[in-house]
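The values are calculated or read from the model by the stated rules, or taken from the named source; none is laboratory data. Nothing here was measured: the structure is a model prediction, and the numbers come from that model. We place every Cβ from the backbone using ideal geometry, glycine too, and count neighbours over all the protein chains shown. Only protein heavy atoms, including side chains, enter the accessible area calculation; ligands, DNA and RNA are left aside. Shrake-Rupley method; radii C 1.70, N 1.55, O 1.52, S 1.80 Å.
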Amino acid sequence: MYTLPGYAIPNGLNPVDFGNIEQIIEDPFKFISMDEVGSKTLQRIYEQYPQYRNKLFERITFRILEFTKDKFFNYFITLILNENDPMKVEIIYKSLIADIKELANDNSSTCVIQKLIENVNEKHIEEIAEKLEANSYFEKFIGGIEARNINHIFQALIKRQKKEKNDIICEEINKNFILYVKDRYGCYIIQTLLENCSEKSYKMFLEKTLENIKVLLEDKLGNYLIIYFLENTTGYNLDIIYQEIKGKIYDYCRNKITVKMFENAFIKGNEEQKKNIINEILTLGENKEDYLIYLAKDQYGNYAIQIFLENCDEESRKIMIDRINSDPSIKTNNFGKHVINKIEEIKNKKLLINNYKN
């Protein structure tokens with residue numbers, strides 16, 4: 001059963017409440033109020049009586065545009081679209097296409113337009129893009145107040161339209177790459193484009209990212225693009241990222257912005273890269289500070305240590321565990337406790353494996 005997040009149907013609305021279901025279907029608006037309860041009631045009927053769905057849809061067809069704009073009944077139109085019935089999607093499309101530009105910027109209608117783009121016939125995608133002026137004035141989908149409502153719509157459109165169209169957007173974004181990748185909405189758009197563009201455009205963005213890696217590593221939004229490439233890139237390009245973080249591991253692990261990136265870097269790294277990272281953590285600082293112990297007791301660094309322990313080789317793990325256990329203050333530290341729990345978890349997992357083998 002499809003239920004919209006945060007929009008549960010009241011428990012009191014059970015099938016027994018609809019003893020006169022056929023009368024309701026014939027004239028739903030005689031029984032259903034145009035408010036939140038009415039919308040939820042209509043959703044429940046649609047979900048629990050599939051045999052009446054087509055007839056109920058016929059009864060509300062003339063109100064599709066009105067429902068789409070309504071802060072409660074837009075959920076009902078989204079529910080119908082989620083069914084992905086080609087006939088119904090086509091009717092909804094024809095009901096909304098003339099007003100789609102206005103609807104895309106409306107808080108109540110955004111989820112309907114996004115779902116429509118996901119399910120509509122491929123032949124209509126280009127028309128939707130033209131109506132929204134998505135490929136001509138893509139900037140409005142990325143920055144500013146408008147982007148708050150239509151960023152997800154633009155992402156849905158990128159996923160459906162031809163790669164040639166997306167490549168043109170990639171070329172334009174590349175001209176102001178840093179501006180867009182450090183934008184709250186722009187970073188999402190770029191990642192969506194990377195998954196729906198040609199290999200040429202993908203390489204263009206990768207090269208631009210590597211050129212600006214120093215700036216992006218410590219940017220709270222640009223950092224996500226580094227994580228994306230860590231998860232999806234191999235070979236020489238990945239080595240460039242590792243060379244850049246070399247010698248800065250302690251600082252990056254203690255930084256709220258970069259620690260997540262660093263955890264991904266470690267997991268994705270090869271054995272040599274992982275070994276180099278561990279060795280850097282095990283090396284004492286200029287003032288003889290123990291990086292491993294400091295990180296184990298740090299509010300962000302403890303997460304990195306847990307990742308290291310779980311994904312490193314046996315030799316490195318033993319060295320790390322022995323040093324951590326030699327410092328009793330870790331067990332009483334609020335963050336260090338998480339590291340101790342991870343060590344116990346790893347030991348128990350190994351014990352289970354050994355018992356299974358025996």
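For this structure, a couple of remarks:
- Accessible area expressed per residue, the chain, with surrounding protein chains retained (probe 1.4 Å, Å²): 52
- Dipole check for region 74-177: with +1 at the C-beta of Lys and Arg, -1 at the C-beta of Asp and Glu, and the Cα centre as origin, the magnitude is about 160 Debye.
- Phi angles of region 307-321 translate, via the Karplus equation with coefficients 6.51, -1.76, 1.60 and θ = phi - 60°, into HN-Hα couplings of 5, 4, 4, 7, 10, 8, 6, 4, 4, 5, 4, 5, 4, 5, 5 Hz per residue; Gly and Pro are given as x.
- When the solvent-accessible area of region 249-349 is split by element, carbon and sulfur atoms take up 47 percent of it, the probe being 1.4 Å.
- CD proxy at 222 nm, helix term only [per DSSP H run n ≥ 4: -39500 (n - 2.57); per residue of the chain; nearest 500]: -19500 deg cm²/dmol
- Basic side chains Lys and Arg get +1 at the Cβ, acidic Asp and Glu get -1 at the Cβ, and with that the dipole of the chain about its Cα centre reaches some 700 debye.
- Euclidean distance of C-alpha centroids, region 29-55 and region 88-131, integer Å: 23
- Tail weight of P(r) past 23 Å, computed on alpha-carbon pairs of region 184-312, percent: 33
- Scanning residues 5 or more positions from Gln161 or on other chains, none has an amide H under 5 Å from its amide H, with H placed 1.01 Å from N in the peptide plane.
- Measuring nothing but protein heavy atoms, the accessible surface of region 61-185 at 1.4 Å probe radius is 47 percent carbon and sulfur.
- Computed with a 1.4 Å probe over protein heavy atoms only, the accessible area of Tyr188 comes to about 100 Å².
- Residue-by-residue Karplus 3J(HN,Hα) for region 250-260, coefficients 6.51, -1.76, 1.60, Hz, glycine and proline x: 4, 5, 5, 6, 9, 9, 4, 6, 9, 5, 5
- Shown here for region 138-225: trypsin sites (Lys or Arg not before Pro) in loop regions (DSSP other than H, G, I, E, B) with at most 10 other Cβ atoms within 10 Å, of which there are none.
- Shape analysis of region 252-346 places it in the rounded category; the axes a ≥ b ≥ c from the Cα gyration tensor give an a/c below 1.5.
- For region 330-336, backbone phi angles converted through the Karplus equation (6.51, -1.76, 1.60; θ = phi - 60°) give residue-by-residue couplings of 5, 5, 9, 7, 4, 8, x Hz, Gly and Pro being listed as x.
- Solvent exposure ordering (accessible area, 1.4 Å, most first) of Met204, Met320, Met87: Met87, Met204, Met320
- Heavy-atom accessible area for Val37, with the other protein chains in place and a 1.4 Å probe, reaches approximately 90 Å².
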